[in-house]
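Here is the structure we will look at, set down as structure tokens.
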């Protein structure tokens, strides 16, 4: 997340500072920045360095190049805070959420971001899913999609299910939801 303008504008304008404090106003967040914050939660306060690729493989499957697992920033939150946030996010999903995936531990948070010009709000869901072998962090943003809990959350669940319950299986078809850009 970052500020749209500069810190001086927040220091001079109380209203701007107040609305930024609740996620509006000057605050800008990308799916990557949100996913990194959730990665820090599941890594007990350490934010891993983001990578687009895990490895490069030859046609036979041999690893040609592997990205190192590096920590980008240590202790961006205390271990205790990260553990508490993780447990709260799991509890949110367990209480009844379309993000739940059978056989996986899932935690996350919905978001509905207001936008200008009377357009539909942006729908968000960010979270993590894990099985005994691996953990994935996923952030879903559907611009002008509506409510995060009803729009972004089912997308998260499908991606988490594919990433963990069907890892390594060949993909024969990708279904693009109506209204999505290909």
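Taken together, the values in this text are just the output of simple stated rules run on the coordinates, not laboratory data. Small disclaimer: the values here were computed from a predicted structure and weren't measured. Glycine gets a Cβ as well: all are built from the backbone with ideal geometry, and neighbour counts include every protein chain shown.
Here r is the Cβ-Cβ distance between residue 44 and residue 65 and R0 is 30 Å; the resulting FRET efficiency, rounded to 0.05, is 0.60. With 0.36 nm allotted per residue and the present C-alpha distance subtracted, the residue 18-residue 91 stretch has 23.4 nm of extension available.
Apply the a/c threshold of 1.5 to the C-alpha gyration tensor of segment 29-120 and tell me whether it is rounded, prolate or oblate. Prolate is the answer for segment 29-120, as a/c is 1.5 or above and a/b outweighs b/c.
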